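Visitor: After the structure tokens below, expect a handful of questions from me.
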Amino acid sequence: MGKLSQKDLLTIHELTLNDVNLIFDKATELKEKHKKREPHEELRGRTVATFYEKPSLRTRVSFEAGVAQLGGHALYIKAIPGWKYSDTHLKEGIPDLARVLSRYVDAIVARVYEHEKLVEMSRYASIPVINALSDLTHPCQGLADLFTIKEHKGKLKGLKIAYVGDGGSNMGHTTLLGAVKVGMNIAMACPENPKYRPSEKIMEWAKVDAEKSGATIEITNNPEEAVKEADIIYTDVWVSMGMEAEAKERLQAFQGYQVNMNLVQKANEDVKVMHCLPRTEHEISNDVVESPYSIIFDQAENRMHVQKAILTLLID
Ligand code: CP
Ligand code: NVA
């Protein structure tokens, strides 16, 4: 096993606080080396299979560039369900796929619809499995987000983060799990329909970690209340990948939840605004994205440094 307490990275909840700090220390080191163009080929001769059921820009490119910088090789495997141009498919079943890949490569990075597929992959693979986004959660994004907040605010514990929008999305879940892991207080503003709020399982996990870290969790349907005294405002698209059929209903349900200048100015003066990208004008106004409040492109950059750290810590 690598240097983390887990073989895999499936959710932030499964990591210890020590794991999170190890990832941050390693990401800081690798980021500095990358900026100074110092070689850091810690994965020379290693191969990572990256497997996608959904499209991606940031995750795909940051993993592929990151593995190359580490001296290794990343394979891109397109696995869009039902699409005849996919490179592979899951018809042969996850157990066989996971065991076969374990004989060839050193880690699997996978973006899937159902999170259960990752759990099954992890059970059958003898190599690390890294969640590159599932419908449940997106831990690589969440860890890069926490790392970015720490860079800007100098700390995590005791800050207040306001999540505005789809609390039931993978990013709603991830922001909640990340905040409570590191002791950040979180207020989530989401419509009252339970499907737009964190699932019961995620709430259970979040409460366990909040108890340990001392973080508080508040859920409201009022964005202005959530952003009051917030150090960070976070949002995500209202129509996530795979939910396109619900677009009309969702755009209706989230009216009033846009992160715009009016809302941002109700938070702390030095508030920072975050979005995992890709974005639309529905959930975040362009002037906020282009304003000094935004640290959105730092988040995107840090995906690469943090994922490089995760790979070096998980691969033996
Ligand atoms: N934020 C994120 O994961 O972006 P992609 O879907 O482009 O990978
Ligand atoms: N909730 C979004 C996140 C994209 C990175 C989606 O799943 O489409």
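Visitor: If a residue counts only when it is surrounded by fewer than 24 Cβ atoms within 10 Å (Cβ to Cβ), within 16 Å of ligand 2 (Cβ to nearest atom) and acidic (Asp, Glu), which helices (runs of 4 or more DSSP H) contained entirely in the stretch 257-316 have at least 1 such residues?
Guide: Correct list: 296-314.
Visitor: Then there's this: From the residues in the stretch 89-124 that are out of contact with any strand residue (DSSP E or B) (no Cβ under 6 Å at 6 or more places or on another chain) and among the hydrophobic types (A, V, I, L, M, F, W, C), which one is nearest to ligand 2 (Cβ to nearest atom)?
Guide: 112
Visitor: Scan the strands (runs of 3 or more DSSP E) fully inside the stretch 1-119 and keep the ones with 2 or more residues being surrounded by fewer than 18 Cβ atoms within 10 Å (Cβ to Cβ).
Guide: Strands (runs of 3 or more DSSP E) meeting the threshold: 73-78.
Visitor: Could you identify the single residue in 51, 63 that is touching a strand residue (DSSP E or B) at 6+ places or on another chain (Cβ under 7 Å), closer than 25 Å to residue 118 by Cβ, modelled with pLDDT under 95 and within 16 Å of ligand 1 (Cβ to nearest atom)?
Guide: 51
Visitor: Go through the stretch 196-241 and give me each residue that's within 16 Å of ligand 1 (Cβ to nearest atom) and either at pLDDT below 95 or among the hydrophobic types (A, V, I, L, M, F, W, C) (or both).
Guide: Matches in the stretch 196-241: 237, 238, 239, 241.
Visitor: State whether the residues of the stretch 212-231 include one that is basic (Lys, Arg) and touching a helix residue (DSSP H, G or I) at 6+ places or on another chain (Cβ under 7 Å).
Guide: Scanning the stretch 212-231 turns up no residue that is basic (Lys, Arg) and touching a helix residue (DSSP H, G or I) at 6+ places or on another chain (Cβ under 7 Å).
Visitor: Now for a different question. For residue 141, which of the numbered conditions (1) surrounded by fewer than 24 Cβ atoms within 10 Å (Cβ to Cβ); (2) outside any loop (DSSP other than H, G, I, E, B); (3) of a type in the set (S, T, N, Q) fails to hold?
Guide: Residue 141 satisfies all of (1) surrounded by fewer than 24 Cβ atoms within 10 Å (Cβ to Cβ); (2) outside any loop (DSSP other than H, G, I, E, B); (3) of a type in the set (S, T, N, Q) except (1).
Visitor: Moving to a separate point now. Listed residues 57, 17; which is closer than 16 Å to residue 303 by Cα and under 18 Å from the mean Cα position of the chain (by Cα)?
Guide: 57
The values are calculated or read from the model by the stated rules, or taken from the named source; none is laboratory data. Given the structure is predicted, the values throughout are model-derived calculations rather than measurements. Cβ sites come from the backbone with ideal geometry, for glycine too, and all protein chains shown count toward neighbours.
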